[in-house]
Amino acid sequence: MMQGSNSPSNVSPSWTWGSSATINFDLSNPGTTVLNSAQLAQVSLPEPAVCSIYIQASFQTNFPGNVVRTFTLNLTEGVGRVAIPRQITFQFQPALNAPLEFTLPFVPVHALQVNAEATLDVLSEEPTDTASIQMYFVLSPLTRIPQQIQKLQFGMAMPGEADDLDDELSGELEAEGPSVVEAMREGRQQVDGSSPEEPDPYPQPEPETEIERSPPWLMPLIDRMARTLGREPTVPELSRAVRRVRARLARRAAR
């Protein structure tokens with residue numbers, strides 16, 4: 001796909017973008033060094049991409065004594081919020097019947113502008129003589145740089161997220177939270193300083209051996225463990241779970 005060198009073009013990273021330009025020299029003053037320039041490329045990609053840049057330049061003149069002294073490429077690479085200038089200079093290139101071509105691989109680019117300038121030693125004395133540099137430019141995206149929105153959640157972790165707690169412990173953490181009525185009652189007590197008329201919603205549990213006096217949260221705990229394990233919990237498993245719940249209840253009562 002060939003584009004004019006004087007206007008920017010938005011292209012897909014899957015396409016190859018190319019342009020061409022010519023530097024013409026004024027040969028009216030023999031024995032001098034003349035300077036001229038031209039814009040070779042101006043391209044803007046819809047998203048960043050790692051690209052390969054190919055440039056070819058050939059010198060044309062009808063008098064072999066005219067010599068290109070310097071040929072310079074000024075590249076302005078736009079990546080993010082930064083515009084990076086790069087300058088590449090060749091001496092006595094391109095030469096007559098000896099084109100210059102080179103490739104810059106793996107260049108991260110979002111926007112790119114290329115200007116070329118050259119100096120010529122004029123030795124021709126004929127007013128009809130001409131000299132010029134014909135240039136070609138190709139930008140080939142190799143890989144795209146994805147710009148995806150990071151879906152990071154900030155804040156406190158939910159139970160089980162930070163340390164990979166299993167379903168059994170997650171169920172226990174959810175069960176120990178107070179109900180809406182209990183939370184409102186505790187808040188009202190903190191405001192007016194009154195003492196609760198109702199019995200303690202978290203009574204001290206009796207020892208595990210006294211099943212007939214077991215706390216109200218014991219049977220729901222056994223049911224959750226059975227659903228999680230796919231079987232009835234063993235005595236050691238149940239004892240460890242009961243000790244954890246009692247320790248949390250004791251810490252809450254001490255606050």
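If you check Val122, Val82, which single one turns out to be surrounded by 15 or more Cβ atoms within 10 Å (Cβ to Cβ), among the hydrophobic types (A, V, I, L, M, F, W, C) and either more than 14 Å from Thr22 (Cα to Cα) or free of Cβ contacts under 8 Å to residues at least 12 places away in the same chain (or both)? Sole residue among the options that is surrounded by 15 or more Cβ atoms within 10 Å (Cβ to Cβ), among the hydrophobic types (A, V, I, L, M, F, W, C) and either more than 14 Å from Thr22 (Cα to Cα) or free of Cβ contacts under 8 Å to residues at least 12 places away in the same chain (or both): Val122. Out of all the residues in the stretch 104-118, is one or more more than 19 Å from Leu40 (Cα to Cα), touching a strand residue (DSSP E or B) at 6+ places or on another chain (Cβ under 6 Å) and of a type in the set (Asp, Glu)? There is no residue in the stretch 104-118 that is more than 19 Å from Leu40 (Cα to Cα), touching a strand residue (DSSP E or B) at 6+ places or on another chain (Cβ under 6 Å) and of a type in the set (Asp, Glu). You will find that of Gln134, Gln93, the residue that is at pLDDT 95 or above and surrounded by 15 or more Cβ atoms within 10 Å (Cβ to Cβ) is Gln134 and no other.
Tell me, please, whether a residue that is within 27 Å of the chain's Cα centre (by Cα), within 26 Å of Leu27 (Cα to Cα) and part of a strand (DSSP E or B) can be found in the stretch 90-112. Outline the logic, then answer.
Kept after step one, since they are within 27 Å of the chain's Cα centre (by Cα), are these residues of the stretch 90-112: 103-112.
Retained after the next criterion (residues that are within 26 Å of Leu27 (Cα to Cα)): none.
Within the stretch 90-112, not a single residue is within 27 Å of the chain's Cα centre (by Cα), within 26 Å of Leu27 (Cα to Cα) and part of a strand (DSSP E or B).
With respect to Gln42, is the statement that it is in a strand (DSSP E or B) and assigned by TED's automatic domain parsing to the domain that holds Thr128 true? Yes.
Every condition in (1) modelled with pLDDT of 80 or more; (2) in a helix (DSSP H, G or I) is met by Arg252 except one, and the failing one is (1). Within the stretch 77-89, being basic (Lys, Arg) and within 23 Å of the chain's Cα centre (by Cα) holds for one residue alone: Arg81. Checked against the criterion of being in a strand (DSSP E or B) and not aliphatic (A, V, I, L, M), the candidates Asn29, Asn74 yield just one match: Asn74.
The values are calculated or read from the model by the stated rules, or taken from the named source; none is laboratory data. Since we're looking at a predicted model, the values are computed, not measured. Glycine gets a Cβ as well: all are built from the backbone with ideal geometry, and neighbour counts include every protein chain shown.
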